[in-house]
Amino acid sequence: MTTYTRLEADDLELIIGTLKEFTDRNAPWARRIEWDEHDTCPADVVREMLSPEVGLHLPFLPAEYGGMGGGAYDIYRLSCEFAQIDLGLATSMLAVALGTDPIRVGCTEAQKQQWLTRIAGEGLIVAYAVTEPEAGSDVQNLQTVARPIADENGRVTHYSITGMKQFISNGSIGDLYTVLAKAPGGPSFFIVERGTPGLTPGKHEVKHGIRLSDTAQVLLEDVVVPADQLIGEKEGEGLKQANEVFGFTRLMVAAFGLGAGLAALSRAIAYSMQRRAMGTLLCEKQGYTHKLLVPHSVRLAAARAYIEHVADLLDSGNKDRQVEGAIAKIFATESGNLAADDAVQALGGYGYCVEFEVEKIRRDARILRIYEGTSEILQNIVGLYRMRESVRSKGRFYGAMAEQVEPFENAGGPAVARVARLLSETLSVLFHKKLAQQQHALFECATSVVEVETAVALVRAAGISGDPLLQAQSRVHASDVALSVPVRLAKLFSGAGVEPPPIDFAALLAYQSGRLADLDFIARAITLGI
Ligand SMILES: Cc1cc2nc3c(=O)[nH]c(=O)nc-3n(C[C@H](O)[C@H](O)[C@H](O)COP(=O)(O)OP(=O)(O)OC[C@H]3O[C@@H](n4cnc5c(N)ncnc54)[C@H](O)[C@@H]3O)c2cc1C
């Protein structure tokens, strides 16, 4: 059994230090913007990133096969740091981790010894080849087939794979591909090495953002692989293997969202502290700070708290966390995008120019809402699963969260507790009135679930921490959620002509008390540090 434990704090800092040193030396801003301008993937830099001297892929690989066996917390921290430097390069790393995952979770011991050891030691560039022209979100519509080839005794010795893969990260530079194909027993992953006859990597796609990350089609024409390159040596396990790692991989993309948001916000804050307009610094203008800086510092604090909560769950052995992974990804990537968009605004005309970096961060961050499960597909998952869980528990699921956060008055706990209970009642009515069969209703619930659960995580973290800034951020997030969730749900019910559960708007408005003072405090704290 593969083991994952958190790295020692010093070791993690050492790896983050290596990452920064490596990118400063090999991928400084001037080079990255040139690659971006010319739509070029620096394959040599990606390869060196995986070399024995640098080994940035090793925390993702189990220790028993030559990796460092980092846990979810380590993966989150490393991903967040990488995203603050460059999302394109970070995506190449994500693809190596993604491509390795089916091997990590699905292979037999002998297969793991063979392939994971090679990935760790040789630094193979791995690509995860699942998406097809007609099968993106709808992966069930997979058209690539794996035809078994049997010997004279009827024993399957090889498979012949034929199909087309679309939008594959590291697709044209990969050494190893994990390819999902339809075998007679169902969708299955196969390991295919570069150079296998019939495998033709396509050309690097020209994209809106992460332009230096290689994205390409991969054509497979009668690609013959030995039967022991079927992952797990059992057909029909592919979708199960993919599902098993969603908690980890979506956490990684959520960390990218957080990192991109932090990178954008830090540039906006720096600009506001040196730019004068009409006699004062921008950071002293309340309209500017409370619109363009403070809301993002609040959302990103909530994103971080939720990501750390999911990392804790995963590291304590809760492997099947695909709903939490989905919540983390939706919230952190949407928040990162909002922060990046407002950072362009915060820098005015400079923000719109390439040289000031936020323009690229904004373009790069846009992919995070699309790959590794679009926001909409994830909303579907979150809405459906949380409704079932809440109804099945007869309200105890959100009831328990409410009880946990209610005592933290200094972090907006009572507001979040009230909204969590309202959400619970709403999910029950939606279910019993069969309104949940409408996808719009499910999406509105999912948005509310995401807001409530991230607020719960932030209240818990802030309440325990005693940090005045985090507590103010938590109170503001709680006051936002206290109104946004009830208003959204009331609109949904009224629009569908269904009686909503009772909503006490006067009580909810009371939670707005002190909000302006909190916004002022956060603005000062994140700019002037007071
Ligand atoms: C830069 C980049 C890198 C990528 N890297 C990889 C990789 O390494 N490996 C890999 O296998 N794939 C990769 N992908 C593919 C990516 O995962 C898919 O693009 C994504 O899953 C969406 O699929 P699609 O593009 O076919 O869009 P579609 O599935 O056609 O979706 C289009 C829109 O419809 C919405 N939609 C779809 N179904 C539903 C539904 N049931 N209900 C409501 N709304 C719905 C979607 O949310 C989206 O907004 C990459 C894509 C890009 C752009």
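The values are calculated or read from the model by the stated rules, or taken from the named source; none is laboratory data. Being a predicted model, the structure only gives us computed values, none of them experimental. Please note: Cβ atoms are built from the backbone with ideal geometry, for glycine as well, and neighbour counts cover all protein chains shown. Keep in mind that these areas ignore ligands, DNA and RNA; they rest on the heavy atoms of the full protein, side chains included. Shrake-Rupley method; radii C 1.70, N 1.55, O 1.52, S 1.80 Å.
Odds and ends about this structure:
- Considering the range 30-80, and only residues there that are assigned to a helix (DSSP H, G or I) and of a type in the set (Asp, Glu), the residue that is surrounded by the most Cβ atoms within 10 Å (Cβ to Cβ) turns out to be Asp74.
- Index of the failed condition, Leu430 passing every other in (1) within 16 Å of the ligand (Cβ to nearest atom); (2) modelled with pLDDT under 95; (3) not small (Gly, Ala, Ser): (1)
- Yes/no for Glu37 being of a type in the set (Asp, Glu) and either within 16 Å of the ligand (Cβ to nearest atom) or more than 29 Å from Ala340 (Cα to Cα) (or both): no
- Residues of the range 374-394 satisfying the condition of being more than 13 Å from the ligand (Cβ to nearest atom) and surrounded by fewer than 21 Cβ atoms within 10 Å (Cβ to Cβ): Tyr385, Arg388, Glu389, Val391, Arg392, Ser393, Lys394
- For the range 100-124, filtered to residues that are within 22 Å of Glu235 (Cβ to Cβ) and β-branched (Val, Ile, Thr), the residue that is farthest from the ligand (Cβ to nearest atom) is Thr108.
- Any hit, the range 184-199, residues being charged (D, E, K, R), in contact (Cβ under 8 Å) with a residue 24 or more places away in the chain and touching a Leu at 6+ places or on another chain (Cβ under 9 Å): no
- Residue check for Asn141: over 18 Å from the mean Cα position of the chain (by Cα), modelled with pLDDT of 95 or more, on the phi > 0 side of the Ramachandran plot and within 13 Å of the ligand (Cβ to nearest atom): no
- Any hit, the range 148-162, residues being closer than 26 Å to Thr196 by Cα, within 16 Å of the ligand (Cβ to nearest atom) and surrounded by 16 or more Cβ atoms within 10 Å (Cβ to Cβ): yes
- Selection count, the range 335-373, where residues are within 13 Å of the ligand (Cβ to nearest atom) and part of a helix (DSSP H, G or I): 7
- Index of the failed condition, Thr91 passing every other in (1) assigned to a helix (DSSP H, G or I); (2) in contact with a helix residue (DSSP H, G or I) (Cβ under 7 Å, 6 or more places away or on another chain): (2)
- The strands (runs of 3 or more DSSP E) falling completely within the range 165-275 that include 2 or more residues that are within 15 Å of the ligand (Cβ to nearest atom) and under 25 Å from Ala326 (Cβ atoms) map to 176-183, 186-193.
For every residue, the table says whether it meets (1) in contact with a Lys or Arg (Cβ under 6 Å, 6 or more places away or on another chain); (2) on the phi < 0 side of the Ramachandran plot; (3) in contact (Cβ under 8 Å) with a residue 60 or more places away in the chain.
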{"residue": "Met401", "(1), (2), (3)": "no, yes, no"}
{"residue": "Leu423", "(1), (2), (3)": "no, yes, yes"}
{"residue": "Val452", "(1), (2), (3)": "no, yes, no"}
{"residue": "Gly466", "(1), (2), (3)": "no, no, no"}
{"residue": "Val476", "(1), (2), (3)": "no, yes, yes"}
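- Only one of the numbered conditions (1) in contact (Cβ under 8 Å) with a residue 12 or more places away in the chain; (2) in a helix (DSSP H, G or I); (3) surrounded by fewer than 18 Cβ atoms within 10 Å (Cβ to Cβ) is not met by Pro407, and that is (2).
- Of the residues Val96, Val45, the single one that is over 22 Å from the mean Cα position of the chain (by Cα) and in contact (Cβ under 8 Å) with a residue 40 or more places away in the chain is Val45.
- Output for the range 184-208, where each listed residue is open to solvent by less than 10 Å² (accessible area, probe 1.4 Å) and in contact with an Asp or Glu (Cβ under 7 Å, 6 or more places away or on another chain): Ser188
- The residues of the range 327-359 that are surrounded by fewer than 24 Cβ atoms within 10 Å (Cβ to Cβ) and of a type in the set (D, E, K, R), listed by number, are Glu334, Asp341, Asp342, Glu355, Glu357, Glu359.
- Verdict on Ser266 being under 24 Å from the mean Cα position of the chain (by Cα), among the polar types (S, T, N, Q) and buried (at least 24 other Cβ atoms within 10 Å of the Cβ): no
- Qualifying position, being open to solvent by less than 30 Å² (accessible area, probe 1.4 Å), within 16 Å of the ligand (Cβ to nearest atom) and closer than 20 Å to Gln217 by Cβ, among Ala127, Ala83, Ala90, Ala97: Ala127
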